[in-house]
Amino acid sequence: MQQTLSKFLILFAFILCFQSGQSQERYGGIALYTVRDAMAKDPVMTLKKVAAIGYKNVEAAGYKDGKYYTMEPEAFKKYLKTLGLKGISTHQSDVTLDNAAVMFADAKAAGFEYFVVPIPPMGLFTYDNATQTLGMTGGAANLAKILNTLGEQCHKAGLKLLYHNHDFEFKKDEDGIVPIDYLLEHCDAKYVNFQMDLFWVTRAGADPIAYFEKYPKRFKMWHVKDMDDQGRFAPVGTGKIDFKNILTQKKLSGMRYYLVEQDQTFDLEPLEAIKISHKALKEIGFK
């Protein structure tokens, strides 16, 4: 009996050590938009694969009819926990001044800390399919007003609102205004901050560090994806973006979380692409 008990205790200790080792190896965040097709087909198995790669945090991009990837908010939160994953943020482009209260309540129930507005909401976002050009209508002042209103409501709901950039916000509009500058200067930092997409900033010809210096502590999250020689999305560490240098200014930027994202993976399967990115994170210095 005593020998059996000893074997059990040894086995139990081994399991604890293994689990501890696994948790220590978990690092980095992943934007589930990267694996959106797989999430649409089988979110349960896809999340298991994401966890097995070693990611710790996730950002959702699959809210519909009050559910996250067909799961009730509380159920989604619980399932992530069983996998050792934590939901940090959610991208919800359909948010409006009318449905915001419901969306914020669902995001809170799902355990998210940040609610991210991924594009100018309420029909303001534009896309020219012929030129593949992103843009917006309505002007920066209008967008700032909407974000301030949403941000205050979000704050009351116990969440933090972020706005996610693409490249067009860093370029002068028809009024000679650089939208991102206007937003940073006119959105109340108590209610509205930013998720900087390092690829799109680079694509626009802007300098992330210059923005950290001009608007310190405003960029609470980063989207991390690389750029290949053709200017296309690439796995982290395989392109030309100097993440190591940008990372030296993490504190100045205000970054609390970073998330790997790759909008298109081309010849690579999305799960393979995020595996390559995850391996590179530690080499670059992300933790």
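The values are calculated or read from the model by the stated rules, or taken from the named source; none is laboratory data. Treat the numbers as computed from the prediction; the structure is a model and nothing was measured. Using ideal geometry, Cβ is built from the backbone for each residue, glycine included, and neighbour counts are taken over all protein chains shown. Please note that ligands, DNA and RNA were not included when accessible areas were found on the heavy atoms of the full protein model with its side chains. Shrake-Rupley method; radii C 1.70, N 1.55, O 1.52, S 1.80 Å.
Some observations on this one:
- Over all other residues within a Cβ to Cβ distance under 14 Å of residue 156, the charged ones net out to +1, with Lys and Arg as +1 and Asp and Glu as -1.
- Assuming charge only on the beta carbon of Lys and Arg (+1) and of Asp and Glu (-1), the dipole of the stretch 33-169 about its Cα centre is about 640 debye to the nearest 20.
- Each Lys and Arg adds +1 at its Cβ and each Asp and Glu adds -1 at its Cβ; summed about the Cα centre, the chain shows a dipole of about 1460 debye.
- Between the residues 82, 237, 111, the greatest Cα displacement towards the positive end of the dipole of the chain, with unit charges on the Cβ of Lys, Arg, Asp and Glu, is found for 82.
- Mean Cα-pair separation over length for the chain, i.e. relative contact order, pairs under 8 Å, 6 or more apart, %: 16
- Axis of helix 270-284 versus longest Cα principal axis of the chain: the two differ by about 90°, to the nearest ten degrees.
- For the chain, the average shadow cast by the Cα convex hull is 17.4 nm², which is a quarter of the hull's surface.
- Using the Karplus relation 6.51 cos²θ - 1.76 cosθ + 1.60 with θ = phi - 60°, the per-residue 3J(HN,Hα) values for the stretch 118-135 come to x, 8, x, x, 6, x, 7, 7, 10, 9, 9, 5, 5, 9, 6, 9, 8, x Hz, with x marking Gly and Pro.
- Helix 43-53 and the longest principal axis of the C-alpha atoms of the chain enclose an angle of approximately 80°.
- Here the stretch 212-287 is assigned +1 on the Cβ of each Lys and Arg and -1 on the Cβ of each Asp and Glu. Its dipole about the Cα centre then comes out at about 740 debye.
- Euclidean distance between Cα centres, the stretch 233-287 to the stretch 19-78, Å: 18
- The spacing between the stretch 163-226 and the stretch 98-121, judged by their C-alpha centroids, is 20 Å.
- Rounded percent of accessible protein surface that carbon and sulfur make up, the stretch 222-287, 1.4 Å probe: 47
- Burial ranking of peptide ranges 233-239, 247-253, 127-133 (average Cβ count within 10 Å, highest at the top): 233-239, 247-253, 127-133
- Radius 14 Å from Cβ of residue 99, net charge of other residues (Lys, Arg +1; Asp, Glu -1): -3
- Accessible surface calculations at 1.4 Å, restricted to protein heavy atoms, place the stretch 162-216 at 41 Å² per residue.
- Heavy-atom accessible area with a 1.4 Å probe sorts 93, 277, largest first, into 93, 277.
- In degrees, nearest ten, helix 100-109 long axis to first principal axis of the chain (Cα): 20
- Beyond 19 Å, the tail of the calculated P(r) for the stretch 73-196 holds 49 percent of the Cα pairs.
- Between 248, 268, 221, the Cα set farthest toward the positive side of the dipole of the stretch 169-287 (charges on each charged residue's Cβ, about the Cα centre) is that of 248.
- Normalising the Debye intensity of the stretch 137-287 to I(0), with uniform scatterers on Cα atoms only, and taking log10 at q = 0.10, 0.12 Å⁻¹ returns -0.37, -0.53.
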